[in-house]
Each structure stands twice: as C-alpha cells, then as structure tokens.
1. Quickly work out the K182-to-N79 label distance, labels modelled 7 Å from Cα along the C-beta direction, and quote it in nm with one decimal.
2. Accessible area of the chain with a 1.4 Å probe: how many percent of it is carbon plus sulfur?
3. Can you tell me the accessible area per residue over the chain, all protein chains present, probe 1.4 angstrom, in square angstrom?
4. Add -39500 (n - 2.57) for each DSSP H run of 4 or more in the chain, then divide by its residues: what number comes out at 222 nm, to the nearest 500 deg cm²/dmol?
5. Whole angstrom only: what separates the Cα centroid of the stretch 318-357 from the Cα centroid of the stretch 28-77?
6. Using a Förster radius of 22 Å, what is the FRET efficiency between D308 and W368 based on their Cβ-Cβ separation? Nearest 0.05, please.
7. Distance cut-off 27 Å, Cα to Cα: go down the list K25/K51; K182/K204; K63/K84; K338/K375 and report the pairs above it.
8. Reported to two decimal places, what Rg/Rh ratio describes the chain when computed on Cα atoms with Rh from the Kirkwood expression?
Amino acid sequence: MKSNLICLVAFVLFASFNNQPKTIKPGEIWPDNNGVLINAHGGGILFHEGKYYWFGEHKIEGKKGNQAWVGVHCYSSKNLTDWKDEGIALEVVKNNPESEITEGCVLERPKVIYNQKTGKFVMWFHLELKDQGYNAAKTGVAVSDKVTGPYTFLNAVNPNAGIWPLDYPDELKSKSFSDTLKGWSDEWKKAVKDGMFVHRDFKKGQMARDMTLFVDEDGTAYHIHASEENLTLHISELNDKYTGFTGKYIRVLPTGHNEAPAIFKHNGKYYMITSGCTGWDPNAARLLVSDSVMGNWEYIENPCFGDDKELTFHSQSTYILPVEGKKNAFIFMADRWKPENAIDGRYIWLPVKFNENGIPYLEWMDEWDPGIFDKM
Ligand code: GAL
C-alpha cells in the first residue's frame with residue numbers, strides 16, 4: 001500500500017514536471033537535442049513548412065574573435081525551445097586558400113530566405129577574406145534546394161558597383177572630396193554625409209559588413225548592411241532569384257554609425273533595431289521606423305527599458321523573428337558576445353512589446369514562455 005502511494009506521488013511529480021512549459025532563458029546555456037551547446041551566433045531564423053530553422057556562425061572552443069573554421073550551423077525547432085542539430089549548412093572550404101570562403105576567413109551573421117519562384121533557399125552572409133582583417137567588406141551568397149543544406153557558395157561582392165543610390169542627389173554626383181580632411185572633424189562628417197565613401201567605392205562596389213535580409217509581403221527581398229566604413233546603412237533590393245542585386249539601393253541615416261540591423265514589419269510600418277559601433281562591446285540599441293523598406297527611415301529612440309537599457313542588456317541585435325501565425329508576435333534576437341572564447345557567446349531573446357502608441361520596445365526577462373504569444 002505504502003509503496004503504491006510512493007509510486008503515485010512519484011508519477012504525479014514526474015507528470016507535472018513534464019508538463020512544465022518550456023521556457024526561454026536569455027543569457028543562460030541553451031542545449032540542443034544532444035545536450036550540446038547551441039552554436040549559431042550572429043544568427044537568423046527562417047520558418048518553413050511547420051518548422052523554424054536557425055542559422056548562425058559556428059565557433060570553436062578556445063578560439064578568439066570571428067574566424068570561421070567550420071561554417072554555418074543549422075538547428076530546427078517546432079516550438080522555439082527544443083532545437084534539433086541539423087548539422088553544418090554551409091561549410092568553409094578546407095585545403096584551398098584560393099577560395100573566398102577558405103577556412104580562417106571571417107563569415108558572419110548568416111541569414112537564409114526562401115524563394116517561392118525558384119524553390120531555392122538563399123543564404124547571404126558578411127564575408128571578410130582570410131588574413132585581410134575587415135578590409136574586404138563583402139557579402140557572400142550561397143544556395144540550396146534543401147533548407148538544411150548543403151549550401152553551394154556562388155560568389156561574394158561589394159554591392160552596387162557603378163551605381164548611385166536612389167536617394168543620392170544629382171548635384172553631389174560630380175562633387176570632389178578632399179582626402180586630407182581630419183577624421184571626425186565637422187568638414188569630414190559633412191563630406192561623409194555628402195557621400196565621400198560612396199564616391200570612393202563607386203567603381204569597386206560598396207562596402208557590406210553587418211547584414212540582414214528581409215522579404216516583404218510582395219515577395220521582394222532586401223539586403224540591409226552596414227556600409228561606408230560602418231557609418232551609413234545601405235538597403236539594397238535583391239533580384240528575382242534573391243542571388244544578386246538589382247542596383248536599387250538607398251542610404252539610411254548617413255554618419256549615423258548603425259550596425260547589426262534587424263528589421264520587421266508591423267501594422268503597415270517597418271521597424272529596424274540597430275546597434276552603435278563598438279565592436280564586440282555592447283552599446284545602446286536604436287529603433288528606426290519607415291513607411292517603406294526603401295525609406296525614409298527615421299530614428300525614434302532606444303527601444304530598451306529598465307536596467308542595462310544603455311547596453312541592450314549586454315547584447316547586440318542580430319534578427320527579429322515574426323512568430324508564425326501570429327499578428328503581433330515578434331522575438332528580438334541578440335548576441336552576448338564573448339570574444340575571448342567565442343563559442344561561449346550567449347543568446348538574448350526577448351519578446352517585442354508594443355506601447356499604447358504601437359511603438360515597439362524591449363524589457364529584460366530572466367525567463368519567458370513562447371506560449372505568451374498564443375494569446376495574440
Ligand atoms: C561587431 C559586429 C560583429 C563583429 C564584431 C567584430 O560590431 O557586429 O558582427 O563583426 O564587430 O569586432
């Protein structure tokens with residue numbers, strides 16, 4: 001009798017433990033289905049046929065910084081809390097120093113989108129050539145027939161070579177700039193605003209560092225990246241296949257020093273959360289708004305509230321995920337970088353909240369259940 005009672009109590013405890021909602025704990029260790037730390041930094045998520053696919057930078061134990069020795073790691077989940085290791089979606093190339101994605105290159109912030117017309121999955125990422133620091137400032141593209149890969153690398157470019165931005169005034173196209181201006185002087189800032197770096201990179205193509213992708217409701221895809229020495233964001237339209245640029249692009253907040261762009265659409269407005277430029281160290285996020293992807297973008301405010309709002313809760317934006325099937329449900333995804341041991345970088349995911357005027361904002365939560373979106 002007594003042992004039956006103990007069994008019953010044990011069963012009830014076990015059952016209630018198993019019914020606990022799975023939660024998201026920003027900044028904690030997040031294991032995958034094998035109990036291994038999820039390794040997908042600077043990532044983004046694609047929802048496809050009932051599952052979320054998380055792509056991010058695979059880091060190596062004990063290595064500093066951002067060199068890529070493995071490639072882009074992919075995980076899948078139906079509920080945003082249980083993640084299955086789907087392996088390496090894009091591998092860096094071993095034993096071929098000629099390849100632009102040879103091991104030891106810098107391959108950052110991969111994002112994947114699905115092209116309805118071609119049926120292909122298209123991955124873009126920030127690429128720096130091996131042993132060249134952050135000088136190349138290229139964007140690379142790879143495609144696959146299967147969401148989890150393997151992805152085939154196509155090429156890497158400095159976008160929009162030989163083309164002026166759509167919003168660039170005609171009178172500035174023939175302007176010449178002195179190359180002796182003192183950095184950060186008022187004259188220098190004015191010159192940057194007037195497109196000094198757009199001119200400098202006109203023939204070769206523009207710089208493309210921190211990046212993200214966005215597919216609008218009409219199927220048009222955009223590539224958003226830090227350009228002009230990280231001083232100005234560029235938003236470029238992608239072609240029908242999503243594998244190249246149409247040449248239509250705009251400059252966003254010239255000299256605004258925005259990087260780590262993450263974008264979403266809500267109630268007919270486009271919102272972007274960015275960071276300032278302080279390398280691996282966190283800084284205050286910025287919220288921008290526009291009536292269309294192609295501008296005009298305006299700065300609203302720091303979207304973070306509460307303790308550590310000036311440091312984006314010790315993290316830097318990477319993506320904003322619309323929760324599938326919900327109208328007002330978005331997850332802000334960010335990285336808490338650990339440059340001394342990059343693999344130990346942590347993931348900060350927070351639900352996007354909206355104030356009474358419909359403006360998005362973020363508050364720290366130690367733990368939260370994605371089930372909160374079921375009510376939305
Ligand atoms: C950050 C950037 C990261 C990485 C890092 C290197 O500002 O967002 O993706 O490039 O700089 O210092």
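The values are calculated or read from the model by the stated rules, or taken from the named source; none is laboratory data. These figures come from a predicted structure and were not determined experimentally. Note that we place each Cβ from the backbone using ideal geometry, even for glycine, and neighbour counts take in every protein chain shown. The area values use the complete protein model at the heavy-atom level, side chains included, leaving out ligands, DNA and RNA. Shrake-Rupley method; radii C 1.70, N 1.55, O 1.52, S 1.80 Å.
1. 6.1 nm
2. Values: 8830 of 17340 Å².
Whole-percent figure for carbon plus sulfur exposure: 51.
3. Values: 17340 Å² over 376 residues.
Result: 46 Å² of accessible area for each residue.
4. Values: 3 runs with 30 residues, N = 376.
Calculated from helices alone, the mean residue ellipticity at 222 nm is -2500 deg cm²/dmol.
5. 14 Å
6. Details: r = 17 Å, r/R0 = 0.76.
Between D308 and W368 the formula returns 0.85.
7. Values: K25/K51 21 Å; K182/K204 24 Å; K63/K84 24 Å; K338/K375 35 Å.
The answer is K338/K375.
8. On the way: Rg = 21.7 Å, Rh = 21.6 Å.
Dividing the radius of gyration by the Kirkwood radius yields 1.01.
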